[in-house]
Amino acid sequence: MFADWIVYACVIAALASGLVAGVFLTFSDFVMRSLIAAHPEGGVEAMQNINRKVYGSVFLVLFSAMAPVSVALAVYASLAVTGAAATWIIAGAAIYVTSVFLVTILCNVPMNRRLDRMDHAAGETADYWRVYGSVWTRWNHVRTAGSLATSVCFLIAGVTLAQ
């Protein structure tokens, strides 16, 4: 029965990364399009507030926890799991760390920090907002796809292990 924990861990990781993907998809699908369509002052102010409120969210807990959980699952899989399940677990971890966690840290967060320091009513902010909206969203598409792919990998691993 103890050996079954890896199956449950994979399913929980699949659900968590799927929830992360859903939040990212929401932004890619309509939140950013709506904010960009608004007057720059309103869009910038709303995004600044969103970026500040995310720090107290369940989303941030899931997003942050998935990186070490993924790495731990990959290490365990490389040491104790054989066959296709190990490959799916390691692939899921690699995808999450690179296309979700690192993209966030290296691309989206620096843009958010720069936007946060700007006066939402300033002319230069409106100029940056046009660039921010398209570039930030492009990187968010990567995070959305990466989170979804991670979820699929962990789900396939869990199903494979359960057989």
Practice problem: Sticking with the crude label model, points 7 Å out along Cα→Cβ, report the distance from R33 to V131 in nm, one decimal please. | Solution: 2.6 nm
Self-check item: Residue order, fewest to most surrounding Cβ atoms within 10 angstrom, among S134, S28, S151
Solution: S134, S28, S151
Practice problem: Could you pull the Cα extents of the chain along its three principal axes, largest to smallest, in whole Å? | Solution: 61, 23, 21
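Mind putting a number on the dipole of the chain about its Cα centre? Charges go on the C-beta only, +1 for Lys and Arg and -1 for Asp and Glu, and I need it in Debye to the nearest 20.
Working: 9 positive and 8 negative charges, 22 e Å.
Roughly 100 debye, rounded to the nearest 20.
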Quiz prompt | Residue (of N140, S78, I89) at the positive-pole extreme of the range 2-162, dipole from beta-carbon charges | solution = S78
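From Cα pairs below 8 angstrom and at least 6 apart in sequence, can you work out the relative contact order of the chain, rounded to a whole percent? Please report the intermediate quantities before stating the final value.
Values: 186 pairs, mean separation 71.8, N = 163.
Result for the chain is 44 percent.
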Self-check item: Cα centroid separation, the range 98-120 to the range 1-75 (Å)
Solution: 14 Å
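A short reminder: the numbers here are calculations on the coordinates, not readings from a lab. This is a predicted model, so every value here is computed, not measured. Positions of Cβ are generated from backbone atoms using ideal geometry, with glycine treated the same way; all protein chains shown enter the neighbour counts.
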